Every structure is written in C-alpha cells, then in structure tokens.
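The values are calculated or read from the model by the stated rules, or taken from the named source; none is laboratory data. Bear in mind the structure is a predicted one, so any value in this text is a computation, not a measurement. With ideal geometry, Cβ positions are generated from the backbone for all residues, glycine too; neighbour counts draw on all protein chains shown. Ligands, DNA and RNA are stripped out before the accessible areas are found, and what is left, the full protein with its side chains, is counted by its heavy atoms. Shrake-Rupley method; radii C 1.70, N 1.55, O 1.52, S 1.80 Å.
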Amino acid sequence: LSLSVCFSSRELFSPSQKYQLLVYHADSLFHDKEYRNAVSKYTMALQQKKALSKTSKVRPSTGNAASTPQSQCLPSEIEVKYKMAECYTMLKQDKDAIAILDGIPSRQRTPKINMMLANLYKKAGQERSSVTSYKEVLRQCPLALDAILGLLSLSVKGAEVASMTINVIQSIPNLDWLSVWIKAYAFVHTGDNTRAINTICSLEKKSLLRDNVDLLGSLADLYFRAGDNKNSILKFEQAQMLDPYLIKGMDVYGYLLAREGRLEDVENLGCRLFNISDQHAEPWVVSGCHSFYSKRYSRALYLGAKAIQLNSNTLLLKGAALRNMGRVQEAIIHFREAIRLAPCRLDCYEGLIECYLASNSIREAMVMANNVYKTLGANAQTLTLLATVCLEDPVTQEKAKTLLDKALTQRPDYIKAVVKKAELLSREQKYEDGIALLRNALANQSDCVLHRILGDFLVAVNEYQEAMDQYSIALSLDPNDQKSLEGMQKMEKEESPTDATQEEDVDDMEGSGEEGDLEGSDSEAAQWADQEQWFGMQ
C-alpha cells in the first residue's frame, strides 16, 4: 500500500524511504518463498539505491543534518545482493547467484558472502575459486568449521588447514581438541576410514566432547562407509537417544535398517522424521528406502526425486530405483553425479558398477572397479568390489578368488566378501568348503543372506532338515526375503512325493477308512502353502 502511495506521489516519501520500502517488500516476498518476485523487487531497490547515490553526489548534504542518521540506517546494498543470491540458489539458478556475488568488490565481501561463493564455486566444479573463498572465510573467522570442512573436501591438506587456525587455538584455553578434530576430518576426506574412526573415538572419549551428537553421527557414517553396519546402527541409535529430534544422517540409518529387513522400524522412523520436518531430504529418503525394499520402485523413484529437490546430494535412492525399473542409462547418470559430489563413498561406485554389469558393460565395470581400488586403497570393500566384476568374466575367476581371499584375510566377518566367496565355491561345487566358510562367518553375527546361502549349500549335500532350519532363521530376520521362502517351498515340494508314498503304504496297511482324514490333511497343507505364498508376496 505504501509503495502505491509512493509511486503515485513522489512528494510524500523521500528517495531513501522509497528504497527502504522496496527492500522491505522484497524481504516479505522472500520469506513467503516468492523468490522470482523477490528478485524483481530487490532489483528495483538496487536501481533506486543507484539513483539515490547519484543524487547525493550532485547535492551534498550541507543543510540537512537529519540525512546522515537516515542514510546510516538504510538497508545495506551488499545485504540486498546477498538476499538476491539466496533467491537464485532457491530457484536453482546458481550461475546467476555467482554473478551477483562476484559483482561485490573483494574488500566488501563479508564472511557469509565468501562462504556462499565458496559453496557455489564448489558445486559448479570451480575448485580453485572455491578454495580461495574458503580461505578468505578462515582469514576473517578462523573457527569457521564449515569452511574447514570445505577445504578438506577439496583435497587441501589437513596440516595446511590447521596452520590457518593455530594462532586462535593457542590463544583460547581448552581448544586443543580442535587440532585433533581437523586431523580426524582430514582422514575422512582422504577416505582413510580406519584412522578417521580411531581419531574421532579418541575425541569422543574426552570429557569435554563426550556424548557429542555430531561426533556420534560422524562415527556412524564412517562405520557405514567401512562396511561395519552393526556398529553404524549402534552409533546412530546412541545419537538418537541423546537427541530425539536428530535429522542429519537418519537417511543412512533408515537405509541400513531397510537392508536388514526391519521395514516396520523404517516406516516408524520415516513417520517420526516427517513430524520433525518435511523440509529436509532425510524423511523422504527413509520413506523411499521403505518403498524400495518393499519392491515398490515407482514410489521409491518419486520419493527419491522429491529428496533431490531438497538436497541435490541424495541421488543414490533415485539411481537405485531407476536401475531396478530397467532404466539403466538414467541410473548411470545419477550414480556418476553422486560420485562427483561424494568421491569417497563406496556405495556410489557400487551402484554405478551394478548398472554397468546389468547392461553387460563388463569392460566399463572393470575400469571403474580398478579406479576405485587405486583411489580408495586396497581394503576389504574395494577388493570385494573388484572381485565382483572379475566373477563376471570366466577368464578372471582365479583373480577373483585371490582378491576375495585377501579381503577375508583383512576382515573375516565382511558379509559381501563371504557372499561372493560362497558364490565362487558354489560354481566349483565345493559345497563342504562353502558350508565351513558360512558357519565360520555366522559364528559371531547373524545375517539373513548368509543363513539363506547356507541353507542352499546344505540342500546340495542332502542335509534337508538343517537347511529348513537355516531358511527359517533367514525368514525370521527378514520376512520379505523371497529367495528364502522359495528355497523352503521348493524343499516342501520335493518332499511331498515321499510323504504321499508313505501315506499310500498306511492306506494299504490300515484300509480305506483313513482316506477322509488324509484328504483333510492335504487341504490343510494346501492352506498353509497358500498362506506362505501370500506371506512371501507381502
């Protein structure tokens, strides 16, 4: 209303007041999430400010003493440009955001402007400019932890980053832990998960940082990256107990629960996260994991797309859904972008390699697996991933065996390595060796897939009763495991002719009086079979 009055009669408001009104109007539109309209009004405000500056140069304020305090309380032009950049980022127009911030002279850039520029440069792949901006943030604010993490993520050495904060660390008491913190996250960003875990554990044990939710979340994520899902879940649960409103990292926690077949827990987690906030990607990813592992891939695809709108880093769910729907080329694009954003996360590479194998691109899969092996080092996970590709080519079977043996020497409890070694032994029909391998792996852990494969091996050596027990254990761990259910039903079908023969013998011995009871038992068995089939479909 005031703006309409302002434009109708120029005498009622001064040029500076008109500028203020335009900024206030744009701010209101920004908070109402009308970003395009807000950009338009901010642009008008900057034009008005430019005209105001010209007027003040032509007519210097000699007689009007009140103009000085009024000009001092005017909204900052730099702040207006920052708000415009925020609008552009919300509209996914990062180039326009960079352009508006680049227009601010370097000396006038505040730490938050440099921080936004650094993040935008990083997202656009302009690493050198991003590093420069992050360093400028640290020069002005030596304890800016996000800037420290940004530099480490761009392969700046931990020692160099630490040197930029050392003066502050030495001047403030009880801040010596920050050097260890920087060292820990330097290991995180170089992919050295073992040393990162050990360093963060040493930090977490210190009384000053004990029960810190952020450190627990980082530990949980590191255990996940290292393939130690059990400890990862434990740390996530510990963090949740300390902070019931925790959202960060809950997408990974939901994924781990879904992989274990705990779909009811995943559903409850998704509902709880939505009650906390639906403006974060995590609730959508958790619900997407529930749909994905319930084989509702179209819904998982929709939820994954929604998550990406909120956070472009959440590409894995959508990529996996596209792959399982047969849209492999689209999935490959998503996994490649995920690798660009998170080059130290093995699951990004696993997804891409699975896509290559699904499209029979063995050569591309081998090149990628070798790159991962060289980039992330020879650990149990990378060795297993390379072996997985080698298993697809008959020529490289022996190499796969060597790689898996190395992986199991490093980590005898690594489930993926055990599964692949069992697959190799199954091809060679070395069932007794496979049974020994699986029993050893199950001695200190319980896993649905391992119990199911052990059941398959026991069937191969005619140990039917124990095989049935293993299938039952597998289904108790994951009631939706279709392969375990199929194995159990196959055994029942193979046993049924024997049962029928025994029943005929009983009829011969005892006469035809029991025929009705036997028919009744057949119908009861059929009823149970129907129930099992329905249970498997669920």
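Under the simplified labelling scheme, the SER53-ASP405 pair shows an inter-label distance of 7.3 nm, with each label point 7 Å from Cα along Cα→Cβ.
If you add up the charges near ALA407, with Lys and Arg at +1 and Asp and Glu at -1, over every other residue whose beta carbon is less than 12 angstrom from its beta carbon, what do you get? Walk me through the intermediate numbers first.
Numbers: positive: LYS401, LYS406, ARG411, LYS416, LYS420, LYS421; negative: ASP405, ASP413.
Computed value for this residue: +4.
Between GLN108 and ARG296, residue separation times 0.36 nm minus the direct Cα-Cα distance comes to 62.5 nm. Projected label points at GLU337 and LEU175, each 7 Å from Cα along the beta carbon direction, are separated by 4.0 nanometres. Inter-label distance, SER202 to GLU264: 4.4 nm, where each label sits 7 Å from its Cα along the C-beta direction. Shown in residue order for region 416-433 are the 3J(HN,Hα) couplings computed by the Karplus curve 6.51 cos²θ - 1.76 cosθ + 1.60 at θ = phi - 60°: 4, 5, 4, 4, 5, 5, 5, 4, 5, 5, 5, 4, 7, 6, 9, 5, 5, 5 Hz (x for Gly and Pro). Under the criterion of Cα pairs below 8 Å and six or more residues apart, the relative contact order for region 170-242 equals 23 percent.
In order along region 452-460, phi translates into HN-Hα couplings of 5, 5, 4, x, 4, 5, 5, 4, 5 Hz, rounded to whole numbers, per the Karplus curve 6.51 cos²θ - 1.76 cosθ + 1.60 with θ = phi - 60° and x for Gly and Pro.
If a spin label sat at a point 7 angstrom from the Cα of GLU432 along the line to its beta carbon, the backbone N atoms of region 453-468 nearer than 16 Å would be those of 457-463.
Taking a probe of 1.4 Å, how large is the accessible area per residue of region 133-284, in Å²? Walk me through the intermediate numbers first.
Working: 7400 Å² over 152 residues.
It amounts to 49 Å² per residue over region 133-284.
Multiplying the residue separation of ALA358 and GLN126 by 0.36 nm and subtracting their alpha-carbon distance yields 80.2 nm.
Would you mind calculating the gained length between GLU330 and GLU423 on full extension (0.36 nm times residue separation, minus the Cα-Cα distance), in nm to one decimal? Don't skip to the end; give the middle numbers.
Working: separation 93, 0.36 × 93 = 33.48 nm, distance 2.93 nm.
Length gained, GLU330 through GLU423: 30.6 nm.
With r defined as the distance between the Cβ atoms of LYS490 and MET241 and R0 fixed at 41 Å, what FRET efficiency is calculated, to the nearest 0.05? That gives a FRET efficiency of 0.45. All other residues whose Cβ lies under 14 angstrom from that of LYS81 are scored, Lys and Arg at +1 and Asp and Glu at -1, for a net of 0. For the pair GLU79 and PHE7, a Förster radius of 35 Å applied to the C-beta separation gives a FRET efficiency near 0.90, rounded to the nearest 0.05.
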